Amino acid sequence: MTTPASPNILVLMVDQLNGKFFPDGPADFLHAPNLKKLAPRSWRFANNYTASPLCAPGRASFMSGQLPRRTRVYDNAAEFASDIPTFAHHLRRAGYQTCLSGKMHFVGPDQLHGFEERLTTDIYPADFGWTPDYRKPGERIDWWYHNLGSVTGAGVAETSNQMEYDDEVAFFANQKLHQLSRESENADRRPWLLTISFTHPHDPYVARRKYWDLYEGIDELSPEVNAIPYEEMDPHSQRLYKASDCANFQITEENIRRSRQAYFANISYLDDKIGMLLETLDQTRMAKDTVILFCSDRGDMLGERGMWFKMSFFEGSSRVPLMIAVPGDAGGSVTAPVSNLDIAPTLADLAHVSMDDIAPWTDGESLLPLTRGEERSSPVLMEYAAEGSYAPLVSIREGKYKFNHCELDPPQLFDLESDPLELDNLAGKPEFAEQVAGYMARVRERWDMTAYDGEVRQSQARRWVVYEALRNGNYYPWDFQPLQRASERYMRNHMDLNVLEDEKRFPRGE
């Protein structure tokens with residue numbers, strides 16, 4: 001893969017999209033014509049993984065190239081510290097304009113993290129209110145923990161909280177592309193990074209009728225693996241079962257089918273949004289100079305094994321799509337395991353920006369060598385220490401194997417070539433004892449699990465104190481408030497009408 005100096009970069013991020021539906025671009029059954037048009041000219045990474053199967057930790061790792069233990073973003077209410085460089089910082093430092101439209105679930109008072117501009121507020125809160133508590137294992141925090149109401153309530157609606165949000169994200173992003181186009185032919189223009197981050201197809205599983213009807217009666221409405229009885233689940237799955245309050249919901253086959261239908265429908269909804277943005281990129285003559293990266297933060301189990309949402313290392317939860325289209329590059333398919341941790345170094349590499357200053361503290365690596373046929377130098381690592389866990393979990397994904405470890409549980413080893421549904425845990429078989437011992441040695445070398453657990457507990461305890469304090473008395477939320485400078489928009493009396501109309505037109509004079 002080769003790129004021109006300082007290309008524009010368009011990052012298209014979606015939320016909770018299961019990578020199993022992107023085996024080599026979108027699966028055949030998906031009605032996603034725009035993503036299917038993008039795929040053949042992209043590098044498609046079939047085995048790409050989140051760094052942590054939850055929103056805030058996964059996104060902080062995506063932005064920084066650092067694992068959650070390093071960022072200290074352990075869960076959905078852990079602060080993302082301002083001193084951690086993100087790909088937006090690296091590119092902005094090199095002269096890029098950096099802009100975000102949509103969700104990134106930054107927790108804490110810094111709501112920019114290297115972006116010069118945010119076009120929308122976030123969909124989720126920025127404070128410490130969603131902090132789990134390892135001091136109370138098994139406790140459900142009912143007002144914000146997931147439950148299966150998203151499943152029993154699946155169906156059709158013409159608007160929802162999330163549709164309203166994504167409609168706004170796409171509108172402002174499209175407007176921003178037009179704004180950037182007006183500067184695109186200026187000799188002194190700055191290259192740009194525009195990150196557009198949607199909240200679909202994240203539950204609740206509610207979709208507009210026009211997209212819902214596309215998936216009526218398809219085979220994929222039934223999961224590949226039916227529900228596994230509670231007593232046969234692994235310990236972490238049992239914890240997630242309790243955390244999602246599954247025992248208090250009777251999930252029918254129809255509930256499952258409707259949830260999956262809405263989920264697929266919302267992939268088509270997003271494809272329409274993405275199609276609009278890519279059309280604008282073409283019409284404004286910027287496509288020839290723009291790298292396009294499509295990704296998701298983590299997946300969704302969608303009823304596989306009787307499990308929903310994310311929070312586990314099973315493929316449906318942890319594997320996510322990744323496609324990168326570079327002007328002048330034919331693209332191709334990469335099957336080697338890679339990670340969202342690799343996106344920050346890859347974007348810097350594509351923009352010819354050095355990350356050497358922080359390389360010793362970066363867990364990801366550029367994907368460009370893989371596109372040249374070179375070998376990856378390290379395994380894919382994952383961490384999880386959020387709701388539904390009682391102690392941190394870690395995972396190593398390398399070659400055809402995935403190894404999962406938690407100090408509370410028996411180990412898990414899966415051969416994903418012969419057992420893609422992860423039904424046969426090899427770790428308990430004598431013939432794999434040496435291999436398990438080897439993985440355990442690597443876990444001990446990479447992670448001090450006792451120290452990791454202590455760091456999470458200390459962080460949670462601090463945040464419970466701070467949150468309760470800040471909600472007493474004068475409350476000042478950290479949520480991002482988009483600034484709309486009305487006096488500088490459209491036509492005002494301090495502007496020259498003739499100059500304004502010429503500058504705001506693209507192309508000019510045609």
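The values are calculated or read from the model by the stated rules, or taken from the named source; none is laboratory data. Small disclaimer: the values here were computed from a predicted structure and weren't measured. Every residue, glycine as well, gets a Cβ built from its backbone with ideal geometry; the counts of neighbours run over all protein chains shown. Areas reflect the complete protein model, heavy atoms only, side chains present, ligands, DNA and RNA absent. Shrake-Rupley method; radii C 1.70, N 1.55, O 1.52, S 1.80 Å.
Things to note:
- Residue count for the stretch 389-399 under the criterion of being of a type outside the set (A, V, I, L, M, F, W, C) and either assigned to a loop (DSSP other than H, G, I, E, B) or at pLDDT below 95 (or both): the result is 4.
- Residue check for ALA386: at pLDDT below 95, aliphatic (A, V, I, L, M) and either within 30 Å of ILE9 (Cβ to Cβ) or assigned to a strand (DSSP E or B) (or both): no
- Restricting attention to the stretch 311-335, the residues that are assigned to a loop (DSSP other than H, G, I, E, B) and either in contact with a strand residue (DSSP E or B) (Cβ under 8 Å, 6 or more places away or on another chain) or of a type in the set (Val, Ile, Thr) (or both) add up to 10.
- Filtering the stretch 246-259 to residues that are open to solvent by 10 Å² or more (accessible area, probe 1.4 Å) and either part of a helix (DSSP H, G or I) or in contact with a Phe, Trp or Tyr (Cβ under 7 Å, 6 or more places away or on another chain) (or both) leaves CYS246, ALA247, ASN248, GLU253, GLU254, ASN255, ILE256, ARG257, ARG258.
- The criterion of at least 2 residues that are closer than 23 Å to MET449 by Cα is met by the following helices (runs of 4 or more DSSP H) wholly inside the stretch 26-105: 55-64, 68-71.
- Number of positions in the stretch 36-52 that are surrounded by 19 or more Cβ atoms within 10 Å (Cβ to Cβ) and either among the aromatic types (Phe, Trp, Tyr) or more than 18 Å from ILE9 (Cα to Cα) (or both): 9
- Failed item, numbered, when ASP75 is tested on (1) charged (D, E, K, R); (2) closer than 20 Å to PRO321 by Cβ; (3) open to solvent by less than 10 Å² (accessible area, probe 1.4 Å): (2)
- Residues that are open to solvent by 50 Å² or more (accessible area, probe 1.4 Å) and outside any loop (DSSP other than H, G, I, E, B) do occur in the stretch 115-131.
- Residue check for ARG189: more than 26 Å from ASP300 (Cα to Cα), without any contact (Cβ under 8 Å) to a residue 12 or more places away in the chain and surrounded by fewer than 18 Cβ atoms within 10 Å (Cβ to Cβ): yes
- Per-region count, the stretch 176-225, residues of a type outside the set (Asp, Glu) and not in a helix (DSSP H, G or I): 27
- Checking each residue in the stretch 400-434 for being modelled with pLDDT of 95 or more and among the small types (Gly, Ala, Ser) picks out SER418, ALA427, ALA433.
- Tally of residues being in a loop (DSSP other than H, G, I, E, B) and of a type in the set (Ser, Thr, Tyr) across the stretch 459-510: 3
- In the condition set (1) more than 20 Å from GLY153 (Cβ to Cβ); (2) surrounded by 15 or more Cβ atoms within 10 Å (Cβ to Cβ); (3) not acidic (Asp, Glu), TYR230 is compliant with all but (2).
- Hits in the stretch 201-227 - residues which are modelled with pLDDT of 95 or more, among the aliphatic types (A, V, I, L, M) and open to solvent by 60 Å² or more (accessible area, probe 1.4 Å): LEU214
- Count - residues of the stretch 163-177 that are more than 12 Å from TYR269 (Cα to Cα) and surrounded by 14 or more Cβ atoms within 10 Å (Cβ to Cβ): 9
- Scan of the stretch 403-432 for residues that are out of contact with any helix residue (DSSP H, G or I) (no Cβ under 6 Å at 6 or more places or on another chain) and closer than 18 Å to MET449 by Cβ, ordered by number: ASN404, CYS406, LEU408, PRO410
- The residues on offer are ALA441, ALA461, ALA437, ALA451, and the sole one that is surrounded by 12 or more Cβ atoms within 10 Å (Cβ to Cβ), modelled with pLDDT of 95 or more and either over 26 Å from the mean Cα position of the chain (by Cα) or at positive phi (or both) is ALA461.
- Looking across ALA81, ALA60, ALA51, one residue alone is under 14 Å from the mean Cα position of the chain (by Cα) and free of Cβ contacts under 8 Å to residues at least 60 places away in the same chain. It is ALA60.
- Of residues in the stretch 233-245 being crowded, with 17+ Cβ neighbours inside 10 Å and assigned to a loop (DSSP other than H, G, I, E, B), the one modelled with the lowest pLDDT: SER244
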